[in-house]
Every structure is written in C-alpha cells, then in structure tokens.
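In what follows, a structure is listed as structure tokens, so that the remarks can point back to it.
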Amino acid sequence: MTSLLRQITDYSNRANPYPLYAELRKTPVAHDEDGPYVISTYHDILSLLHDPRISSEARNRTASVADELQQPEEETSLPPGFLRLDPPEHDRMRRMTNRPFGPPHSPVHIESMRPELGEIVSGLIDGLANGGRIDLVDQFSYPFPVTVICRLLGVPREDEPRFHTWADTLAASLDPAPNEDHAERDRIAKEAKTQLGMYLAGLIEERRKSPRDDMLSELVTGGGPDGAMTTMEVLSTAALLLIAGHETTVNLITNGMLTLLRHPDVLQRLRDEPRLAVPIVEELLRYEPPVQLLPQRTPIADIEVRGVTIPKGSSLWLVLASGNRDPQRFEDPDRFDPDRKDIQHLGLGSGIHSCFGAPLARLEAQTALSELARRLVSPRLVEDPPPYRQNAVLRGPRHLNIEFDGLRP
C-alpha cells in the first residue's frame with residue numbers, strides 16, 4: 001500500500017491519478033505501519049467530514065508518520081486561519097467572516113458582484129492576442145481570482161499589481177520545483193508574507209478609522225454577537241482568503257477549460273447556452289476537483305471505520321477526488337456528464353469545514369468558462385496532457401497552452 005500512496009503523490013502520475021484512486025478504493029481504509037490512514041470511498045469520507053471526533057488542529061496529531069504531504073507549521077506570528085481550527089474557535093471566526101460575505105446576513109453580496117466579475121473577465125479576454133497562442137494560466141486563470149479578492153477586500157485599484165506579485169510568490173511557494181533551492185524559495189515566500197502582512201495591517205487601520213463598503217471594513221468594525229475581530233485575526237483571515245481562495249479557483253477554471261477542450265461537444269453547448277455553465281461547474285467539481293485530498297485531519301478519539309480502528313492522534317487523509325469517482329455513489333463516474341442529475345460531490349468538502357468561498361468560486365468559474373467558450377474562436381490544446389503543478393493536494397495544470405483563431409466581440 002505504501003507503494004500505491006507513493007504513486008499517488010509521485011509527480012509522474014499527476015496528469016491522471018484516477019486509475020490509482022480506483023485501485024485505492026479496493027482497500028477503503030488503507031494504512032501502512034509508518035504512513036497515514038487513507039480513506040478513499042465516498043460515504044466514508046462524507047461521514048468523517050461530519051464527525052466531531054475529527055480535528056483540523058495540528059496540535060492534536062501525535063503520531064509520527066512518514067507522511068510527505070504534512071507541511072511543517074508555518075513560521076508566522078499570525079494566529080492560524082479558521083481552516084486549521086476546531087470548534088468553538090473555528091465557529092466564532094467563521095461566523096464573523098461570513099457576516100459580510102454571504103447568507104444569512106449578506107445574502108446578495110456575492111450575487112451583486114456578478115457584473116464586476118463579468119467586467120474583469122472581459123478585460124482579461126480583451127487583453128489576449130486576437131488569435132495565436134496563449135497560456136491560459138498565466139494570462140487568465142491566475143490574475144482573475146486575485147483581482148476579485150482585491151475588490152472584495154477593498155484593496156485600492158492602484159495597489160492591485162502589488163497584490164498580484166505577492167499572490168504569485170506565495171503560489172510558487174506552495175508548488176516547489178524539484179531542483180530549486182528550497183531555502184531561497186522559503187526566504188522569498190517569507191518576505192512576501194511579511195510585505196503582505198504589513199500592507200494589510202496598514203489598510204486595516206485605515207478602515208478602522210474610516211470604514212468603507214468593503215469586507216475589510218466589515219471585519220474590523222464587526223456588529224454581530226461575536227463583536228469585531230482583532231487586527232491579527234483580520235490579518236490571518238485576509239491571508240486565508242487570498243491564498244486558499246486564489247489557489248482553488250485557479251485550478252477550477254484551468255481544469256474546467258482543459259476538460260471542455262477535451263469535450264468539444266460540451267464546449268459548443270456552453271457557447272450556445274451560457275446557462276449550462278451552472279451544471280458544468282458542478283460536474284467539474286466532481287470530475288476534476290481543484291482540491292484532491294485533505295491530508296491534515298486527526299481523530300481526537302479512537303474511531304472505527306469499516307472494522308478498522310484508527311487511533312487517536314493518527315494522521316488521516318481524506319481523498320475527496322477518489323470519493324467523487326466512487327462507482328458505489330455515482331453511475332459511470334469516469335464520464336464527464338454535465339447533465340448528471342444526482343451530483344452531491346465532495347469537490348468543495350462538506351461539514352463545518354466545507355469551502356467557505358464556495359458561492360464566489362462557483363460564480364467565478366461560471367463567468368470565466370462561459371465567456372471563454374463564447375469569445376475564443378476555435379480554441380484547441382497545444383499539448384495534452386499539459387504540464388501539471390508539483391502539488392498533489394492542489395492539483396491543476398501549471399501551464400495550459402491554447403491556440404485559437406481570434407476573439408468574438
């Protein structure tokens with residue numbers, strides 16, 4: 001089983017890990033004596049995502065395992081983002097962040113961004129060459145989500161280029177190249193985090209004195225039963241929105257366009273019927289999810305899954321992408337089918353840690369893919385498979401070179 005896990009994390013299998021996941025599902029609770037416990041079937045993953053005995057806090061993990069996906073805790077003075085917290089602190093931070101972001105307190109906030117998202121997408125597509133070759137990742141998928149997060153937080157337009165630079169640097173630190181100098185990469189990433197933190201701290205103080213109609217102002221002024229966040233909490237939450245929100249959306253859009261170019265009939269349907277973007281994005285979240293697995297979970301008590309006892313403090317992997325292709329849950333799971341009716345996928349997680357930014361990520365992907373389908377004339381892949389990122393958790397192409405014959409107005 002160790003060899004199978006090693007194959008899954010091996011870069012040579014990044015382009016198509018799904019046959020390996022099918023093999024993994026034959027042992028629903030996989031474990032080697034010096035490795036993590038790995039859960040790969042849909043119903044088991046869903047159950048554990050809702051189990052209060054499963055912790056997201058690193059301090060609860062006591063097992064010393066040969067687990068190459070466990071990242072060392074970041075050297076940072078910021079408190080952990082709520083992604084790595086358990087209740088009740090997780091719930092308090094998530095409630096406070098959610099008040100200005102979405103339902104039930106701000107039910108139209110994300111939907112009201114639709115026109116602005118459309119303008120950003122149109123501007124990026126206008127900036128592409130009128131035919132020829134582009135790298136969709138560098139020229140579209142990367143800049144789009146970070147621009148959206150800047151607008152959401154209230155970053156002044158003139159400062160957006162600085163944010164793009166920091167986002168690119170932090171993204172690179174999550175995706176190390178095999179031969180690069182790791183110490184130098186970490187130094188550059190730490191410097192970018194410091195600069196980002198100092199910039200945000202200044203912006204937070206400005207908003208505390210003179211609030212505006214943006215998310216940072218809402219976070220620092222509060223107003224709900226939990227009060228307002230401290231400056232440090234706002235900083236960690238803003239950093240979480242930038243890094244987690246950016247990375248997943250980049251992969252969702254890029255995986256989506258790659259899948260559509262592999263299924264030209266669906267691409268043509270989307271061009272003719274933009275509303276199809278909604279079911280297409282849901283099927284993409286099942287078929288090619290941007291987050292393949294969750295490696296940072298720990299039982300806080302001994303638990304039993306399929307007759308196997310997983311000890312307290314163990315390292316636990318939940319392989320979401322495998323669950324999404326489980327034939328016990330989805331009919332013909334390896335087929336991309338935007339007309340699929342029953343699509344309760346795990347692409348955005350589930351339970352208390354379900355993707356906080358899901359409404360925005362969905363809308364971004366729907367807007368991006370429908371406009372790319374409408375405006376690019378005869379788009380086609382230059383290479384298939386494209387080169388993938390090194391990261392086994394956040395899986396997506398590092399570059400997606402596309403040729404096309406022009407732009408529709």
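For a test of the definition: using alpha carbon positions, the gyration tensor, and the 1.5 limit on a/c, classify region 274-409 as rounded, prolate or oblate. Intermediate values should be presented prior to the final figure.
On the way: a/c = 2.35, a/b = 2.00, b/c = 1.18.
Here region 274-409 falls in the prolate category.
Peptides 376-382, 200-206 ranked from most to least packed give 200-206, 376-382, packing being the mean of other C-beta atoms within 10 angstrom over each peptide's residues. Ranked by solvent-accessible area (1.4 Å probe, protein heavy atoms only, all chains present), the residues 275, 95, 395 order from largest to smallest as 275, 95, 395.
Each Lys or Arg adds one and each Asp or Glu subtracts one; over the other residues with Cβ under 12 Å from the Cβ of residue 401, this totals -2. Relative to the current alpha-carbon distance between residue 382 and residue 34, full extension at 0.36 nm per residue lengthens the span by 121.1 nm.
Taking amide H as placed 1.01 Å from N in the peptide plane, the amide H of residue 310 sits under 5 Å from that of 303, 304, 305, each at least 5 places away or on another chain. How much of residue 267 can a 1.4 Å solvent probe reach, expressed as accessible area in Å² and rounded to 10? Counting only protein heavy atoms, the figure is 10 Å². Of the GluC sites (Glu not before Pro) found in region 354-407, those in coil by DSSP whose Cβ has at most 13 other Cβ atoms within 10 Å are 383. Near residue 304: Cβ cut-off under 13 Å, other residues only, Lys/Arg at +1 and Asp/Glu at -1. The net charge is 0. Here the Gaussian network model covers the chain, with springs between Cα atoms less than 10 Å apart; of 342, 326, 126, 342 fluctuates the most.
Segment residue 194..residue 273, full-extension length gain: 23.9 nm, with 0.36 nm per residue of separation and the alpha-carbon distance subtracted. Note on surface exposure: 393, 121 rank 393, 121 by accessible area, highest first, 1.4 Å probe.
For region 7-48, rounded, prolate or oblate, judged on the Cα gyration tensor with a ≥ b ≥ c (square roots of eigenvalues), a/c < 1.5 rounded, else prolate if a/b > b/c?
Oblate is the answer for region 7-48, as a/c is 1.5 or above yet b/c matches or exceeds a/b.
Net charge dipole, the chain: roughly 600 debye, given to the nearest 20, about the Cα centre with Cβ charges of +1 for Lys and Arg and -1 for Asp and Glu.
Approximating the spin labels as points 7 Å out from Cα along Cα→Cβ, the residue 13-to-residue 328 distance works out to 2.0 nm. Distances between every pair of Cα atoms in region 91-144, grouped in 10 Å steps from 0 to the bin holding the largest one, split as 21, 31, 25, 17, 6, 0 percent. Ligands, DNA and RNA excluded, the heavy atoms of residue 398 present near 80 Å² of accessible surface to a 1.4 Å solvent probe. For the chain, the antiparallel share of DSSP beta bridges with both residues in that region comes to about 85%. For region 272-331, just say rounded, prolate or oblate: build the C-alpha gyration tensor, square-root its eigenvalues into a ≥ b ≥ c, call rounded for a/c under 1.5, and beyond that prolate if a/b exceeds b/c, oblate if not. Verdict is prolate for region 272-331. Across q = 0.08, 0.11, 0.12 Å⁻¹, the chain modelled as identical point scatterers on its alpha-carbon atoms has Debye log10 I(q)/I(0) values of -0.43, -0.85, -1.03, in the order of the q list. How large a share of the accessible area of the chain, in percent, is made up of carbon and sulfur atoms when the probe is 1.4 Å and the other protein chains stay in place? For the chain, the apolar C and S fraction of the accessible surface comes to 51 percent. Extension gain for residue 221 to residue 50 (0.36 nm times residue separation, less C-alpha to C-alpha distance): 58.4 nm. For residue 354 and residue 180, a Förster radius of 35 Å and the Cβ-Cβ distance give a FRET efficiency of 0.55, rounded to the nearest 0.05.
In this structure the chain gives 44 Å² per residue of accessible area when probed at 1.4 Å with all protein chains present.
For the peptides 163-174, 245-256, the ranking by mean Cβ contacts within 10 Å, running from highest to lowest, is 245-256, 163-174.
The values are calculated or read from the model by the stated rules, or taken from the named source; none is laboratory data. This one's a predicted model, so the numbers in the text were calculated from it and none came from an experiment. So basically every Cβ, Gly included, is an ideal-geometry build from the backbone, and we count neighbours across all protein chains shown. Just so you know, the surface numbers come from the protein's heavy atoms only, side chains and all, with ligands and any DNA or RNA stripped out. Shrake-Rupley method; radii C 1.70, N 1.55, O 1.52, S 1.80 Å.
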